[in-house]
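Reviewing the structure listed below.
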Amino acid sequence: MLNALILLVVVATGALLMWPKLANATLWRAAITPLASIIGSGFLVLGPILNASFGAYAPLVMAILCGAAYLFGAAIRFNIWRLNNKGENRSPSERGLELASAWSLAFAYIISVAYYLNLLGAFAVSLTEVEGHIPAKLVTTATFAIILIVGWTRGFGALERLEEVSVGIKLAIIAGLLFGLAVFFGKTASAGDLVFSAATVSGWQAVALVGGLLVTVQGFETSRYLGAEYSAPTRIKSMKLAQGVSTAIYLVYILLLSFAFAPDALDLSETAIIGLMEVVAPILPILLIVAALSAQFSAAVADTGGAGGLVSELTGGRLAPRAGYVLLAVVGVALTWTASVFEIISYASRAFALYYAIQTLIAAKGAALKGQPVKAVGFVALAGVAVAIVLFGASVE
């Protein structure tokens, strides 16, 4: 019965997302891109990581992560607003920071694709009886090769359409997951079996770990680069909407998970969520693997295209996008065979933190020029937090 109800929720959510009045609404269409990026790969690994590391404090840590992301988003929204103001004159230093920001984003894209495809490899192998990390790494390497060949020979036009489909699939499956978890949580609570576990990390180790998880709530910055499709006010509103919806989903998810499962109930790995959800309902692992494979591949294609395009733009066309694809594949395969998924997550977090540090410095300078000293100081402080993440963000041990 629970399997049937979960499927019903998935289908109903999918139908709602396809409802023309919603699907064609400008604000929602503008919010879908950042929302899909925020609730991406991180959703699959974050729950088990926070539960194993912070126990009953996991929801609080999740709120801190989402709050930090919202503040970084505020800096980017301020920059969107300033760029839209035709009367603004940007200084040479601001333009220099913007160039550095673009390079840092291209670098972050390169690492994030390695993160996506390593998760794809792990979830793909979980469908089989094969064990160990080597088969997953082989799948990841083969996927890098496929993406490179397609990008080099034909471009990503056809593959990019997968992004639109995968967003709806992913959000519908997440709705089914939350429904199943809520039912399981209710049964556990009624039996008096809720878990209140102590944190296993504390102090500086906990702070560094939270910094290393920033990439799991990253993605809102994509609104900054949708200027060709949407106005600045729409992009600002859509980023707030995407961050609000994703925060609500993440908090409910972590709350239900952390009090329904003891940290020692799982063997912490990149696919730990599958084992947990098998306890909730037999259908959930299958749905999660479908969501993982489609989401990871489409996100990797999107970021590969973004990285190649940025490299070409930043070199004034001297390097074609294909050169960016090659660089991305080489770095990605190297990371695949030299680092764990959790280490790659921390590297990606630090790469995006560098991008956020530069964006917040741009916002600070802009606020100072606008005669808003309090806001400028706040942005500088936020840049300091981002720099700390770049230097000290740590991976799960």
Item checked: Hydrodynamic radius (Kirkwood) for the stretch 1-114, which is based on Cα pairs only, to one decimal in Å -> 18.3 Å
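I'd like the FRET efficiency for LEU5 and ALA63, computed as 1/(1 + (r/R0)^6) with the beta carbon distance as r and R0 of 30 Å, rounded to 0.05.
On the way: r = 29 Å, r/R0 = 0.97.
After rounding, the FRET efficiency stands at 0.55.
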Next item on the list: Give me TYR253, TYR109 ranked fewest to most by other Cβ atoms within 10 Å of their Cβ, as a rough exposure proxy.
Entry: TYR253, TYR109
Next item on the list: Grab the eigenvalues of the alpha-carbon gyration tensor for the chain, scale each by 5, take roots, and send me the semi-axes largest first in whole angstrom.
Entry: 33, 25, 22
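Quote the FRET efficiency, to the nearest 0.05, computed for SER91 versus ALA323 with a Förster distance R0 of 35 Å and r equal to the Cβ-Cβ distance. Mind dumping the intermediate values first?
Working: r = 31 Å, r/R0 = 0.90.
Once rounded, the FRET efficiency stands at 0.65.
So for MET277, MET62, fewest C-beta neighbours within 10 Å to most, what's the order? Show your work: numbers first, answer last.
Numbers: MET277 22, MET62 27.
The order, fewest Cβ neighbours first, is MET277, MET62.
Most exposed first by the Cβ proxy, i.e. fewest other Cβ within 10 Å, how do GLU270, GLU131 rank? Spell out each step's value before the answer.
Working: GLU270 26, GLU131 10.
By the 10 Å Cβ count, ascending: GLU131, GLU270.
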Next item on the list: Hydropathy first: keep DSSP H helices in the chain averaging at least -0.5 on Kyte-Doolittle, then drop any whose Cα extent along the axis falls short of 27 Å, and list what survives.
Entry: 58-84, 92-125, 133-153, 157-190, 232-260, 283-314, 341-369, 373-392
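Assign unit charges at the C-beta atoms only (+1 for Lys and Arg, -1 for Asp and Glu), then state the dipole size of the chain relative to its Cα centre in Debye, rounded to the nearest 20. Don't jump to the answer; show the numbers that get you there.
Values: 22 positive and 19 negative charges, 329 e Å.
Here the chain has a charge dipole of around 1580 debye.
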Item checked: 29 Å Cα-Cα reach of LYS240 towards lysines, excluding residues that sit fewer than 8 places from it in its own chain -> LYS21, LYS86, LYS170, LYS365, LYS370, LYS375
Item checked: Rounded FRET efficiency, nearest 0.05, which uses the C-beta distance separating TRP337 from ALA262 and R0 of 45 Å -> 0.85
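FYI, it's all coordinate maths here, none of it is from the lab. Predicted, not measured: the structure shown is a model, and the values here were computed from it. All Cβ positions, glycine included, derive from the backbone under ideal geometry; neighbour counts span all protein chains shown.
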